[in-house]
Amino acid sequence: MTELAGKTIVLGVCGGIAAYKAAELTRLFVKAGATVHVVMTQNGARFVTPTTFQALSGHPVWVDAWDDRRANSMSHIDLTRSADALLIAPATANTLAKLAQGLADDLLSTLALARDCPLLVAPAMNRQMWSNAATQRNVAQLRADGVEIIGPDAGEQACGEVGDGRMSEPAAIFEALAAFLQPKPLAGRRVLMTAGPTYEPLDPVRGITNTSSGKMGYALARALARAGAEVALVSGPVALATPLGVARIDVQTAAQMHQAVMQRVGRVDIFIGVAAVADYRPLEVSADKIKKSGEAPVIRLERNPDILADVASLPAAPFCVGFAAESRDLEHYARGKLESKRLGLVVGNLVQDGMGGDTNQVVLFDAAGAHPLPRADKHAVAAGIVTHLVALLAAR
Ligand code: CTP
């Protein structure tokens, strides 16, 4: 993974037990290709030694404002000059208070005051310290100053108490920073999407569904949110975590998905139908479990609404993107959908190339022609779709 290649991060580590998680965070950043410079407070260096961070980052660790390893003693300014972000994780209640006030009585707080890059903080403290009016006031002030606050989570704390204040997990902090550093070409755009399969019940325990995992739709929702879009995701039943910054609406049936979309579509600029919506549902749904009998039952079906076609035919339709998963003749069917449903873009793939797995190979069809993307993991494919979408929107 080279998601952060070319990025420089200054990681501030304060004195809290969560400092040990900052070691894992350093490793994640380095693995993703970032250059990491670690700055610790005196108390931070009591929890985990600077040597640990030096070994993980491959760079000297800074603790003392009077460190003479830099000839001009200007490490408080130099360190953030080439940085893309200053991230403080863990950030203690004391450091948050200093940041909110603009105090600069050690190297880390001086760096924060002298920085010319964005500041992100991942608070970590006892639940009483977090809920204290002073801390909440400081956090509100930092938000107002444009500081990005990551977490904290709720859960069991090192002191044995349970509540808000645990530092977010390293993977979540990594995701928040990586998303923050992405370009935001879709800022201000509102996107509504569907993803996953639908489930059409036959009786209380059985139903008709399909093998869609939702992975492609969720990867696309994440890529859109990272590109700055406001994303609402109407999702069929899947076993996936909601991407950071995405508003998720859970549904089961195609009719529920249709209703959830129609309620929201008036407010959006872009609609993307990724869901594998059941075209038919059982005509009768038994209230009781169907019992086996001598004769094999016959299931009669009726048509479900076509969500994408209904959205695309609205008088003030948003820009519509459809997906075409076919088992053969991809170009023929994908072009048919582009024209019959009057879409701006169709993402086509052969089902044997993508459904259920972690990688996908797609071809983008628009008015200008066919644009194949290389086979890649679904996150890279999603990023490719977003890049193409941004270009199409800019050309309109
Ligand atoms: N779609 C939808 N509502 C439906 C069916 C499909 O919104 N009831 C959307 C899908 O999310 C996808 C696209 O339409 O974006 C798929 O097009 P469609 O032609 O309906 O696909 P299939 O159901 O696979 O069609 P066909 O049976 O014609 O192959």
Within region 163-225, considering only strands (runs of 3 or more DSSP E) that don't extend past its boundaries, which have at least 2 residues that are more than 11 Å from the chain's Cα centre (by Cα) and within 27 Å of residue 389 (Cβ to Cβ)?
190-195
Report whether or not residue 85 is open to solvent by 70 Å² or more (accessible area, probe 1.4 Å) and of a type outside the set (D, E, K, R).
no
Residue 346 vs (1) assigned to a strand (DSSP E or B); (2) more than 9 Å from the ligand (Cβ to nearest atom): all pass except (2)
Hey, residue 20 hits all of (1) assigned to a helix (DSSP H, G or I); (2) farther than 18 Å from residue 169 by Cα; (3) open to solvent by 70 Å² or more (accessible area, probe 1.4 Å); (4) not aliphatic (A, V, I, L, M) but one; which does it fall short on?
(2)
Against the conditions (1) open to solvent by 20 Å² or more (accessible area, probe 1.4 Å); (2) part of a helix (DSSP H, G or I); (3) within 11 Å of the ligand (Cβ to nearest atom), where does residue 261 fall short? Just the number, please.
(1)
Quick check: is even one residue across region 294-305 part of a loop (DSSP other than H, G, I, E, B), within 11 Å of the ligand (Cβ to nearest atom) and out of contact with any Pro (no Cβ under 6 Å at 6 or more places or on another chain)?
yes
Any pair with Cβ under 8 angstrom, 6 or more apart, that starts in region 315-343 at a residue that is open to solvent by 90 Å² or more (accessible area, probe 1.4 Å) and ends at one that is among the hydroxyl-bearing types (Ser, Thr, Tyr) and more than 10 Å from the ligand (Cβ to nearest atom):
342/313
Cβ-Cβ below 7 Å, separation at least six or inter-chain, first residue in region 256-280 and under 17 Å from residue 304 (Cα atoms) and outside the structural domain of residue 201 (by TED's automatic domain parsing), second open to solvent by 10 Å² or more (accessible area, probe 1.4 Å) and assigned to a helix (DSSP H, G or I): which pairs?
none
Being in the same structural domain as residue 158 (by TED's automatic domain parsing), open to solvent by less than 50 Å² (accessible area, probe 1.4 Å) and at pLDDT 90 or above narrows it down to one residue among 65, 133, 112; which is it?
112
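The values are calculated or read from the model by the stated rules, or taken from the named source; none is laboratory data. This one's a predicted model, so the numbers in the text were calculated from it and none came from an experiment. Note that we place each Cβ from the backbone using ideal geometry, even for glycine, and neighbour counts take in every protein chain shown. The area values use the complete protein model at the heavy-atom level, side chains included, leaving out ligands, DNA and RNA. Shrake-Rupley method; radii C 1.70, N 1.55, O 1.52, S 1.80 Å.
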